[in-house]
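Values in this text are rule-based calculations from the coordinates and carry no lab data. Since the model is a prediction, treat every value here as computed from it, not as a measurement. Glycine also receives a Cβ, built like all others from the backbone with ideal geometry; neighbour counts cover every protein chain displayed.
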Amino acid sequence: MTDWLSPEEWQAVALSLKVAGWATLLSLPLGLAVAYALARGRFPGKELLNGLVHLPLILPPVVTGYLLLLTFGRRGPVGALLDQWFGFVLAFRWTGAVLAAAVMAFPLMVRAIRLAIEAVDPKLEEAAATLGAPRPWVFATVTLPLILPGILAGAVLAFAKSMGEFGATITFVSNIPGQTQTLPSAIHAFLQVPGAEGSALRLVLVAIAVSMLALLLSEWLARAVARRIGARDA
Amino acid sequence: MTDWLSPEEWQAVALSLKVAGWATLLSLPLGLAVAYALARGRFPGKELLNGLVHLPLILPPVVTGYLLLLTFGRRGPVGALLDQWFGFVLAFRWTGAVLAAAVMAFPLMVRAIRLAIEAVDPKLEEAAATLGAPRPWVFATVTLPLILPGILAGAVLAFAKSMGEFGATITFVSNIPGQTQTLPSAIHAFLQVPGAEGSALRLVLVAIAVSMLALLLSEWLARAVARRIGARDA
Amino acid sequence: AAASLRNALDEVVAGWEAETGHDAVVSYAGSGVLARQIIAGAPADLYLSASEQWMDAVEAEGLLAEGTRCDLLGNTLVLISHEPAEPGPVPDIAAALGDGRLAMGLVDSVPAGQYGKAALESLGQWAAVEPLVAQADNVRAALALVATGEAPLGIVYATDAAAEPAVHVVATFPEGSHAPIRYPLALTAESADAADRALYDALTGDAARAIFARHGFSLP
Amino acid sequence: MLEVRLIQRFDGFDLDIGFQAPAGVTALFGRSGAGKTTIVNAVAGLTRPQGGRIVLDGQVLFDAGAGICVPPHRRQIGYVFQDARLFPHLDVRQNLLYGRRFAPARDDAPGFDRIVDLLGIGGLLKRRPGGLSGGEKQRVALGRAILSNPRMLLMDEPLAALDEARKAEILTYLERLRDEVGLPILYVSHAMAEVARLATTVVLIDSGRVRLAGPAEQILADPAAAPSLGLREAGAVLNARVAAHEEDGLSRLDTPAGPVWVPQVAAEPGHLLRLRILAQDVMLATERPQGISALNVLPGVVTAVKLGEGPGALVQLSVGGVPLLARVTRRSASVLELQPGRTVYAVLKAVSVAREAIGERG
Amino acid sequence: MLEVRLIQRFDGFDLDIGFQAPAGVTALFGRSGAGKTTIVNAVAGLTRPQGGRIVLDGQVLFDAGAGICVPPHRRQIGYVFQDARLFPHLDVRQNLLYGRRFAPARDDAPGFDRIVDLLGIGGLLKRRPGGLSGGEKQRVALGRAILSNPRMLLMDEPLAALDEARKAEILTYLERLRDEVGLPILYVSHAMAEVARLATTVVLIDSGRVRLAGPAEQILADPAAAPSLGLREAGAVLNARVAAHEEDGLSRLDTPAGPVWVPQVAAEPGHLLRLRILAQDVMLATERPQGISALNVLPGVVTAVKLGEGPGALVQLSVGGVPLLARVTRRSASVLELQPGRTVYAVLKAVSVAREAIGERG
Ligand SMILES: Nc1ncnc2c1ncn2[C@@H]1O[C@H](COP(=O)(O)OP(=O)(O)OP(=O)(O)O)[C@@H](O)[C@H]1O
Ligand SMILES: Nc1ncnc2c1ncn2[C@@H]1O[C@H](COP(=O)(O)OP(=O)(O)OP(=O)(O)O)[C@@H](O)[C@H]1O
Ligand SMILES: [Mg+2]
Ligand SMILES: [Mg+2]
């Protein structure tokens, strides 16, 4: 199979995995926090936060990418600061692709986790509190384990979305082979060229295979978690 | 504000709403069925179905659009049949845009509903069965009301996604003002021209405003539903 | 570089790399996307655009290396059909379409669409054809619409038509019916080293021109 | 008639039981974790046991061998769960009426208002289960099962969270269900008082096995069964007929053991009742006591004495031909020379026969 | 010492109560829906009442006026919920140990093995709550609360789902917690037997109001309180000292009313006990009865007679200076001419003083 894909294509596959993996991983903590705030919090601006989270879903990816470019680009306000202070550049790097994928996948992740949090019986959290556990501890030992299936679902959605994301990515970090050319960018590029449908198809199949593996893995994990939790009733 | 947007832009807004609304509405029953099958069913090919549902998330939208074109186009196997039997044409029609949006939004909707179904305590369904209710009735009177928040969440995600979807749409049904030019297509078109960022921004704001309204509405509905259900415990 | 140049450009660049031992990284995307990125500070050394407008936009920002802009390539616009056809003069498109659609790039933003619209206007057919136009995101998508038979006719570049066996050229739009189709090339203000210049020279060199010509581009 | 034969194995627990529940109330009695809920779930069709056979009134509900397993909604078996399991999205009225749509029409179907009144949940009809108190939930769950008009009722500790007064009312109603409607009930309870009052058949479960099973009168008056049931709860059951209501609030009952006075019962004269007389409420005297507050003094003959391990002894008497149990100390047994054949007087306070110990004859 | 004053209004129910719970066990007693759980939740800090003030050992836990509301996890109050609320994702051991991390270190902290043994849940430690039986869940919940080593324990019908044998064991342990560890307990129960055995203070709640409150001895022996508590459960409490264990399995207790024989108690001679004597277990005689099985015959004087609405009468006696209650029929009261000043003999069977009615002196 090695010679079935060109080295450049292999690179795209590897990059896509790297980008999707990091995007999923890095957005998990924030996604968790935002989902918790939206599910349980009561604060002014909650609706605004909710809207903001959904924005990447509503806007055409190109717009999101453009906004990212304006903000995190080397001349963007945040991008410039990052560069200056940490020497950390996002634009036209794979790190930028991670950012783009994470932003695009964020609403999906947050919604899944939020649904799971809303399904947790607060009475269990109360019980933990009467046993002396402070709020963060309750979250870590009661809420978190109970919402694991939701977190998993959110991570899978985010990973899948990241594997498929391309509009924002190409707009933000371009399509540089070996650096920012992810699988979907490569597929898209092939589709722009007359007669390259074959190459595109090959990459599509690779994308499907990779994502299917991820899906299977997640379903298996979810079942393991469900078994751990056992019957819902306590 | 009427003169702030050109009539053509108004058309795009109206069309987007129409497309997103129908896409959400029409995919709900199927989404519900698929989510139920994935959450509770045990059948061969479950993993396959699961993968299939996630496909539009994984593939670049253009690919999805292209596949839609190949399948549901006038010469596509399904499209030809639809045309022949029902005189129902999708290609280049707003109906096609609905299909594209529905397909793209489907994974989000299914996942949200599935999470909700998995959170329903089967003991309540058992209780309904001992009261003589057959399975479908139990679903309609116990499961369904209990997963309403999840359905709402799924619908919101689908609606938002449909409002923002454009890659698959433009590939499948092109961009015909008044017929298939949705808000994101219009935004995208503006972004193709240097210096038209202003116009694009206006439309982006409109898109945000419309979606925020939908979001607020859904949150409000969700709260109403939650109040109806009251404390989770029975 | 503009995505539609990929086949030809890959060949040129590969030849150049083999010859010089340098590595060239080519990023293919829409001309507009690339222009915006250059404006936002992308570390690009050369910009090959499919649209003069976008090159203008970059130039207006003062991001081009002075005196390096040139029109590298040209192209012609053709009317294609799904059904086999013999090349001839431009027919009455509206009549030929019947209840079908004419596939084009976005007529207000994609260069091929803009050229096509201009050509139809100058031929006096735009008014009749306008309601029948299906605007695709890019030329390639328009080509696909015709290739799959979804649209019976389409307007695309000659180079695209040549690469897709499933479509047939019905007519070539006369030179004067639209502004000349040009692919401007320029070094950016950032480009510093000799390799950049070498690549620029290679692209404009004879070997490259031969390759481009083989792919159907015209050479202004 | 319900015939149950079940085999079910969990990790660390295995159940292998068989019993028959004839018409009337069959009490499943046993310690926590004995397997009672497991049995009831299998009868309801909520779990599929590994082996066995369940037949209700001739209809096979489950047969592991034949691969038959009628789904729960076609069994027409009402179930009051140990946890209430109310529908959180429906208000109390909707919860109560949930089963109505599927209830087989029957003339003697319990009326909605009747049940609501009995359970004292009239004020809750518009409320949702979320805010109900523990006992309120249990009452609604009870009503919901009864109103689904089943052909059999399973009740898993239905009265555990209720106060005595409410418990007594509901027990009266359950008695009526048993006797007037003839509804068979499988009743799980830890409270011997409830069991003794309601049960026509008692099945004692211990670690997944049937330890004792049989008619309530027989099991409850069997000195050998007493240790399993709890000594405090041992006692005989007398069949009685209401003879007269006297003006000072007492009712005279005719029993085979002679007349017995108890606090006024609700039944009309002529009615048949079951009277439960706890062994520990019976005092024995060798001569007829004078000037005492106890109204009921029944002459009898000792038929058996069973010395326990502790300080007590269970004495079985024959009073007018029917068995009666008395629990006394060993010391008294030897001082009074209680042994089979000895003539004694059984002394019973009228107030000791509490309302809960008098049930309609099943 | 816990001082509670609460105002809370729900739609259709309003609670306005105040009571004090001194050291020992305070029983909250009342009908279903009376407001017991609402009170307990407020003490635990799970709800924020509309008004009132809660002070535990001088620490203000809640003060509506001052806007103080200590969060539950800082109250160090263990809570055994009416529904078990075990953590479904943790096994039984992890559930039991959940509170350990936050438990204040104390020398007399209950040992894990000790509690597991007592509750009989040793075999369940590796199991998850999902598959536990009702009573098993309740026992684990009980253990979890106790092992969190709180400075006060709230128990909402902790024994409702348990069989008598297990109940008795746990009650013994709770007594020890009360007496040896001195842990204050707020105990909600419908079972008068439990209340009478454990409680040092009784608070009777009715429709959101305190109907009666005071030391257990006083309330339980008060004929006026009997109707509220349930007539069957009325009775006096005697303080007693273990005098001797006799060889036939009886223990002799010295009480102010004279020596009383009961089935052997666990306590050493010299130990102080509380003895609950139910009014209905006491028979009265105008002359000393002869040849009867009852071992305890105590001479006394009638001090009050309270005729009920029904056929019964509550007679209060003074026996050796302490009050005793007897429940007899009105008929006997008039036949025996029971009226204040009359000398009578109180007859009490040794076996009637059940193990549950003997508690350590709180
Ligand atoms: N799914 C299961 N997996 C493992 N063990 C189980 C499962 N379900 C029940 N058990 C065990 O089977 C035994 C019997 O449980 P069951 O619920 O029938 O008891 P029970 O008699 O109803 O007790 P209780 O009076 O406490 O409700 C218990 O020890 C319980 O832990
Ligand atoms: N959130 C609420 N909204 C409305 N009413 C409520 C709410 N919570 C409790 N109540 C009502 O307050 C009353 C007291 O409830 P509580 O749970 O305190 O009763 P309880 O004494 O514990 O009864 P039980 O013995 O049945 O558990 C009940 O009538 C209940 O319906
Ligand atoms: Mg049980
Ligand atoms: Mg309560």
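Taking label positions 7 Å along the Cα-Cβ direction at both C:L123 and A:A80, the computed distance is 5.0 nm, reported to one decimal. Using the rule -39500 (n - 2.57) for each DSSP H run of four or more residues, divided by the residues of chain C, the 222 nm mean residue ellipticity is -11500 deg cm²/dmol. Considering only E:A221, E:A313, E:A240, the mean-square fluctuation computed in a Gaussian network model of chain E, springs between alpha carbons under 10 angstrom, is largest for E:A313.
Only DSSP H runs of four or more residues enter the estimate; each adds -39500 (n - 2.57), and after division by the residues of chain D the mean residue ellipticity at 222 nm equals -5500 deg cm²/dmol. Given R0 = 30 Å, the distance between the Cβ atoms of B:A196 and B:F88 translates into a calculated FRET efficiency of 0.25. The aspartates and glutamates within cross-link reach of E:K306, meaning a Cα-to-Cα straight distance under 20 Å and a gap of 8 or more places when in the same chain, are D:E247, D:D248, E:E217, E:D222, E:E233, E:D281, E:E337.
Is chain B best put as rounded, prolate or oblate by its Cα gyration tensor, with a ≥ b ≥ c the root eigenvalues, rounded for a/c under 1.5, and otherwise prolate when a/b is larger than b/c, oblate when not? Oblate is the answer for chain B, as a/c is 1.5 or above yet b/c matches or exceeds a/b. Comparing D:P289, D:P256, D:P223 in a Gaussian network model of chain D where C-alpha atoms under 10 Å apart are linked, the largest mean-square fluctuation is found at D:P289.
A Förster radius of 41 Å, combined with the Cβ-Cβ distance separating D:E337 from E:E337, puts the computed FRET efficiency at roughly 0.75.
Residues considered: A:V204, A:V110, A:V98. Largest GNM mean-square fluctuation over chain A, using C-alpha springs under 10 Å, is found at A:V204.
With a cut-off of 20 Å on the backbone N, the residues of region C:155-183 near the modelled label site 7 Å out from C:E83 along Cα-Cβ are C:155-156, C:165-172.
If you model the protein assembly as shown as an ellipsoid using its alpha carbon gyration tensor, with each semi-axis the square root of five times an eigenvalue, the axes come out at 86, 31, 25 Å, biggest first. Just going by the charge dipole of region E:235-360, with Lys and Arg at +1 and Asp and Glu at -1 on Cβ, which of E:S251, E:Q280, E:V237 is farthest out on the positive end? The listed residue farthest towards the positive side: E:Q280. In sequence order, region D:64-79 has phi-based couplings of 4, x, 7, x, 8, 8, 5, x, x, 6, 9, 8, 6, 10, x, 9 Hz under the Karplus curve 6.51 cos²θ - 1.76 cosθ + 1.60, θ = phi - 60°, and Gly or Pro positions carry x. Amide H contacts of D:G24 (H built 1.01 Å from N, in plane; Pro and chain starts excluded): D:I185 sit under 5 Å, all sequence-distant by 5 or more or on other chains. Each Lys and Arg adds +1 at its Cβ and each Asp and Glu adds -1 at its Cβ; summed about the Cα centre, the protein assembly as shown shows a dipole of about 5100 debye. Within region E:2-220, the proportion of C-alpha pairs whose separation exceeds 26 Å stands at 34%.
Using a Cα-Cα cut-off of under 23 Å, which lysines could be cross-linked to D:K126, ignoring same-chain neighbours fewer than 8 residues away? Here the lysines satisfying the reach criterion relative to D:K126 are D:K137, E:K36. Shielding value for B:198-209 is 2, the average number of Cβ atoms from other chains within 10 Å of each residue's Cβ. Amide H to amide H, with H built 1.01 Å from N, C:L46 comes under 5 Å of C:T188, counting only residues 5 or more places away or on other chains. The magnitude of the dipole of region D:70-113, with charges of +1 and -1 set on the Cβ of Lys/Arg and Asp/Glu and taken from the Cα centre, is near 240 debye.
With label points defined 7 Å past Cα in the direction of Cβ, position B:P29 shows copy-to-copy spacings of 4.7 nm, given to one decimal and shortest first. Under a 5 Å amide H cut-off, with hydrogens placed 1.01 Å from N, E:V282 pairs with E:R327 among residues at least 5 apart or on other chains.
Compared with the direct C-alpha span, the chain from B:K123 to B:L30 gains 30.9 nm at full extension, assuming 0.36 nm per residue. Sorted from closest to farthest, the other copies place their B:G198 label points 5.0 nm away, with each point set 7 Å from Cα along Cα→Cβ.
What the phi angles of region E:291-297 give under the Karplus curve with 6.51, -1.76 and 1.60, with θ = phi - 60°, is a coupling list of x, 10, 6, 5, 8, 9, 10 Hz, glycine and proline written as x. Between E:Q20 and E:D254, the C-beta separation translates, for a Förster distance of 25 Å, into a calculated FRET efficiency of about 0.20. Couplings 3J(HN,Hα) of region D:10-24, computed from phi: 10, 4, x, 8, 10, 10, 8, 9, x, 7, 10, 10, x, 3, x Hz, in residue order, whole Hz [Karplus 6.51 cos²θ - 1.76 cosθ + 1.60, θ = phi - 60°; x for Gly and Pro]. Summing Cβ point charges (Lys, Arg +1; Asp, Glu -1) relative to the Cα centre of chain E gives a dipole of roughly 780 debye. Highest mean first, the peptides E:87-100, B:23-36 sorted by other C-beta atoms within 10 Å per residue fall in the order E:87-100, B:23-36.
For region E:2-220, the residue among E:G52, E:F29, E:L177 whose Cα projects farthest onto the positive side of the dipole built from Cβ charges is E:G52. For the pair E:A266 and D:H271, label points projected 7 Å from Cα toward Cβ lie 4.4 nm apart. Averaged over peptide D:11-20, the number of partner chain Cβ atoms lying within 10 Å of each residue's Cβ comes to 1.
How far is E:T303 from itself in the other copies, in nm, if each label sits 7 Å out from Cα along the Cα-Cβ line, shortest first? Counterpart label points of E:T303 in the remaining copies fall at 4.5 nm.
Shape of region E:277-329 from the C-alpha gyration tensor: oblate (a/c of 1.5 or more and a/b not above b/c, with a ≥ b ≥ c the square roots of its eigenvalues).
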